[in-house]
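First comes the structure, then the notes that go with it.
The values are calculated or read from the model by the stated rules, or taken from the named source; none is laboratory data. For clarity, every value in this text was computed on a predicted model and none was experimentally measured. Glycine gets a Cβ as well: all are built from the backbone with ideal geometry, and neighbour counts include every protein chain shown.
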Amino acid sequence: MRDSYGSLPLTAAFLAGWREEVSAALAAVVAGFEEKYGYGPGENAVHQPEAADRIAAAGLAAECPGFADLGAYYGEIGAVHMGDVGNGYFLHPASHAVDERTALPEAGGAVPAVLIGSDGGGILYAVAADGAVWRSRTSSEEGGFDQITDGLAEFLDLLLRSVHRFDASGQPGLV
């Protein structure tokens, strides 16, 4: 976990480390899950990107400077399923996210934000043209969005810390 994110771009090494740490944390969550909760776990995995994801990632990275980290992320990571962490967290693969756009007037940009995922309650997560990550106030695009991190690296760390906290305490929600 990083303490400072600054303006350093996401690298393949950072993303490989994130994937490994999240995968290990998810394995810890599902170990003994059925005994603890009374039902078996669903899918909890960080997938590799498919060829279509890598093509979409390159397109996103070229679209605007604020999507550079998003392009780097999708070049290394495919779909992320954390179905048993709290209400669940789901990050779309690039081939899906590239077509999922929303106007984000709160971010002040002319380029539509990319909807990168959701939680199990329907709350949406989007990356604005400046690279900041936003969360919907309701389970709809129409309810507005609030900025939750300045960039994707910070958001990924938030997810990682949330998996660790859920494993340790069973407490859901983003840390």
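So the values come out like this:
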read-out: Verdict on A153 being in contact with a Gly (Cβ under 7 Å, 6 or more places away or on another chain), surrounded by 19 or more Cβ atoms within 10 Å (Cβ to Cβ) and either within 26 Å of A62 (Cβ to Cβ) or modelled with pLDDT of 95 or more (or both); value: no
read-out: Out of A31, A58, sole residue that is among the aliphatic types (A, V, I, L, M) and over 29 Å from Q171 (Cβ atoms); value: A58
read-out: Boolean, A56 is of a type outside the set (S, T, N, Q), modelled with pLDDT of 95 or more and surrounded by fewer than 18 Cβ atoms within 10 Å (Cβ to Cβ); value: no
read-out: Qualifying residue in segment 72-86 (condition: surrounded by fewer than 16 Cβ atoms within 10 Å (Cβ to Cβ), farther than 18 Å from L10 by Cβ and of a type in the set (A, V, I, L, M, F, W, C)); value: no
read-out: Count - residues of segment 103-133 that are free of Cβ contacts under 8 Å to residues at least 40 places away in the same chain and part of a strand (DSSP E or B); value: 9
read-out: Cross-chain or 6+ apart pairs with Cβ under 8 Å, segment 40-67 first and under 14 Å from P93 (Cβ atoms) and assigned to a helix (DSSP H, G or I), then at pLDDT 95 or above and of a type in the set (S, T, N, Q); value: A52/S95; D53/S95; I55/S95; A56/S95
